[in-house]
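The structure appears below as structure tokens.
Every read-out reported here was derived from the displayed coordinates using simple, explicitly stated rules and does not represent laboratory data. Here the structure is a predicted model, which is why all the values come from computation and not from measurement. When we count neighbours, we look across all protein chains shown, and the Cβ atoms used for this are built from the backbone with ideal geometry, even at glycine.
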Amino acid sequence: MSLVEARRRRVAVGVGSRLTQSQIGFLWSIVMPVIALFIIIRVIPVLVVLLMSFTNYNLNRPLVRFIPYQNFLRLFGDPNFVTAFVNSTEFVLVAVPLEILLGIAFAIYLNRKVRFESLYETLYFLPYIVPMVPAAVIWKWVYAPGTYGLANYLLDQMGFPRVGWMSTPQISLLAVIGIHVWKQLGFFVIVFLVGLKNIPASVREAAVVDGATSWQVTRHVDIPLLKPVILFGVVMATIWAWSAFTEVYIISQGTDISTGAEIQVMVTRIYAEGFLYFNMGYASAISFVLFLVSLIFVALQFWLFRAESA
């Protein structure tokens, strides 16, 4: 290699490195505002809540005192928190499987070239775009006692005994979970349907040529290729189930529930402690516990899906 060619090569490498550095600087200039906004909106509030959870901060008291671990120790002896935690756990364990399984089932059905597919998609998605407050008010009428409520009226017309939807502790929480599933189901149907439509038709055709039945194609082709979308749906459903509030709050106002304690969940407990009793320190402790539990559930779901894919 001549001296002139080596010098040209060094110059070309130098120009390429300068271009790369300028591109990196340009990318950082775009990404940094997004990162800063994420830190301001997401990270800092979590740190503030964690800091407040170690204090006795109350809106009625101007003085704030540091009380290490006392708020968290109080949680284990608080029957209201225990009830809310158990109810939230039941909420997640019932709502998430129902939303995912029903969403996949309806999406597979709609993916088979049924007539009026667009109409069905609209009907499934309509509850999701309806605001939760008016939807919960409508469901309060559906669950109303006697024959005033639509649910008991239909049961009465079919010859079945009436049900105390909001007065029976064993049923009331499941009734609220039903509202949550009805509201969110359309989102998962559309998400899974989009995922199914993105699976190449040639893959299914090859399975059919090899003699696979419709059920075998669904089980061994569609579901495995849909796993990333299912993981997304499971994570979203889990987060929404842990953070359920509006449907529980609206349903428990002015119904035949004695105190609303039968269906209280973690977020309603946070609301009560923080904005009714002004115990912001204790409410922050509950909030941080909710954050940790949600994080653990989501991390466990990622681990399970990764273990199955391995």
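Sorting F38, F278 by the number of Cβ atoms found within 10 Å of their own Cβ, with the fewest placed first, yields F38, F278.
Put in line by how crowded their Cβ is, counting other Cβ atoms within 10 Å and starting with the fewest, R115, R61 read R115, R61. Relative contact order of the chain: 28 percent, from C-alpha pairs under 8 Å at least 6 residues apart in sequence. In a reduced charge model with +1 at each Lys and Arg Cβ and -1 at each Asp and Glu Cβ, the stretch 79-309 shows a dipole moment near 360 debye about its Cα centre. Exposure proxy for H220, H180: other Cβ atoms within 10 Å of each Cβ, ordered fewest to most, give H220, H180. Count Lys and Arg as plus one, Asp and Glu as minus one, and take only other residues whose Cβ is under 15 Å from that of Y153; the net charge is then +1.
Straight-line reach only, C-alpha to C-alpha below 26 angstrom: list the lysines that K140 could link to, leaving out same-chain residues fewer than 8 apart. Of all the lysines, those that pass the test against K140 - Cα under 26 Å, at least 8 places apart if same chain - are K183.
The calculated 222 nm mean residue ellipticity attributable to helices in the chain amounts to -23000 deg cm²/dmol, summing -39500 (n - 2.57) over DSSP H runs of n ≥ 4 and dividing by all residues.
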